[in-house]
Amino acid sequence: MEIKVLKDILGANEQIAERNRQLLDSKGVFAVNLMSSPGAGKTSLILETIKGLKGKTRIGVIEGDVSSSIDAEIIGKEGVPVIQINTGGECHLDANMTYRALSNLPLQDIALLFIENVGNLICTAEFALGEHRKVLISSVPEGDDKPFKYPLMFHKADVVLINKIDLLPHLKFDVQAYSHAIRGINEKAEIFEISCATGQGMQQWLSWLQNQLRLR
Ligand code: MG
Ligand code: ZN
């Protein structure tokens with residue numbers, strides 16, 4: 001019974017997500033669904049990406065949070081269009097919430113749209129939003145066991161960023177074992193080691209994004 005209900009919900013969500021994707025395509029917008037556990041660095045990554053691509057790409061942002069607009073205010077200071085979605089307790093964004101945000105963004109002025117999902121590695125993986133790519137940010141302080149604990153998220157990611165690598169000397173995190181664990185679940189995901197704090201590895205990420213935009 002419960003399984004059927006979940007299937008219906010996901011089926012309806014998938015239809016709206018497809019509509020979102022068509023809308024984004026018609027406006028020439030490339031959308032990235034950014035997912036991570038709380039505090040892994042989603043907002044920092046968006047900020048550093050905006051700085052790194054300044055003058056090269058027109059960026060827009062949808063900020064998803066359970067409550068507050070702290071992140072949207074920080075992003076707004078960078079002068080890019082940003083819309084806050086407060087999910088009102090819901091622990092993930094869905095396609096319907098995303099549609100409402102899209103209706104309030106100047107899509108014709110945006111080439112690259114970041115959708116910052118709610119910090120959560122579980123159900124965010126299940127709900128398509130209409131994005132073109134799913135990007136997962138993991139971070140060194142979370143530990144290297146996450147691919148085993150949240151396999152669906154790692155399976156669905158197009159890119160896995162390992163953030164905060166500047167902390168590697170201080171924490172127990174085996175990058176090689178971690179990458180190997182990801183490969184066991186997902187053969188195709190790009191894996192980039194980065195630090196939003198020091199800028200290390202950011203060029204790889206920015207190049208990947210620019211490549212995606214070029215290929216469209
Ligand atoms: Mg954030
Ligand atoms: Zn949820």
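The values are calculated or read from the model by the stated rules, or taken from the named source; none is laboratory data. Just so it is clear, the model here is predicted, and its values are computed rather than measured. Note that we place each Cβ from the backbone using ideal geometry, even for glycine, and neighbour counts take in every protein chain shown. These area figures cover heavy atoms from the full protein model, side chains too; ligands, DNA and RNA do not enter into them. Shrake-Rupley method; radii C 1.70, N 1.55, O 1.52, S 1.80 Å.
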The answer for residue 163, listing residues at least 5 apart or on another chain whose modeled amide H is closer than 5 Å to its amide H, is 138, 139, 140, 194
Just to check I understand the Karplus step: with θ = phi - 60° and J = 6.51 cos²θ - 1.76 cosθ + 1.60, what whole-Hz values come out for the stretch 88-99, glycine and proline as x? x, x, 5, 9, 7, 7, 10, 5, 5, 4, 5, 4
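If packing is taken as the average number of other Cβ atoms within 10 Å across a peptide's residues, how do 29-35, 154-160 rank, most packed first? Present the calculation step by step, with values, prior to reporting the outcome.
Numbers: 29-35: 24.4, 154-160: 20.3.
Per-residue mean Cβ counts within 10 Å order the peptides as 29-35, 154-160.
Based on DSSP H runs of at least 4 residues, each adding -39500 (n - 2.57), what is the mean residue ellipticity at 222 nm of the chain after dividing by all its residues, to the nearest 500 deg cm²/dmol? All intermediate terms of the calculation are to be shown ahead of the outcome.
Details: 8 runs with 85 residues, N = 216.
The helix contribution divided over the chain gives -12000 deg cm²/dmol.
Ignoring ligands, DNA and RNA, what percent of the accessible area of the chain is carbon or sulfur (1.4 Å)? All intermediate terms of the calculation are to be shown ahead of the outcome.
Values: 5380 of 10340 Å².
The nonpolar share, carbon plus sulfur, comes to 52 percent.
Please get the size of the charge dipole for the stretch 2-215, origin at its Cα centre, with Cβ charges of +1 on Lys and Arg and -1 on Asp and Glu, quoted in debye to the nearest 20.
On the way: 22 positive and 26 negative charges, 101 e Å.
That gives the stretch 2-215 a dipole magnitude of about 480 debye.
Pop the C-beta distance of residue 207 and residue 126 into the FRET formula with R0 = 35 Å and round what comes out to the nearest 0.05. Each step should come with its number before you reach the end.
Values: r = 30 Å, r/R0 = 0.86.
After rounding, the FRET efficiency stands at 0.70.
Based on the Cβ-Cβ distance of residue 103 and residue 15, what FRET efficiency does E = 1/(1 + (r/R0)^6) give at R0 = 22 Å, to the nearest 0.05?
Numbers: r = 17 Å, r/R0 = 0.77.
My answer for the efficiency is 0.85.
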What's log10 of I(q)/I(0) for the chain at q = 0.08, 0.18 Å⁻¹, Debye sum over Cα points only, no solvent? -0.26, -1.40
Given the options 200, 119, 96, identify the residue whose Cα lies farthest towards the positive end of the charge dipole of the chain (+1 on Cβ of Lys, Arg; -1 on Cβ of Asp, Glu). 200
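With the other protein chains left in place, how much accessible area per residue, in square angstrom, belongs to the chain at a 1.4 angstrom probe?
On the way: 10340 Å² over 216 residues.
Here the residues of the chain average 48 Å² of exposed surface.
Kindly sort 6, 45 by accessible area of their heavy atoms, largest first, with the probe set to 1.4 Å. Kindly include the intermediate steps, with their values, before the conclusion.
Values: 6 80, 45 0 Å².
Result of the area sort, largest leading: 6, 45.
Which value, in debye to the nearest 20, gives the size of the charge dipole of the stretch 36-94 about its Cα centre, when Lys and Arg are +1 and Asp and Glu are -1 at the Cβ? List each step's numbers first, then the result.
Details: 6 positive and 8 negative charges, 91 e Å.
In total the dipole reaches around 440 debye.
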Check which residues have an amide H placed less than 5 Å from residue 31's amide H, if you skip close sequence neighbours. 113, 132, 133
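By how many nm would the segment from residue 7 to residue 198 lengthen if fully extended, with 0.36 nm per residue of separation less the alpha-carbon distance?
Working: separation 191, 0.36 × 191 = 68.76 nm, distance 4.29 nm.
Contour length minus Cα-Cα distance gives 64.5 nm.
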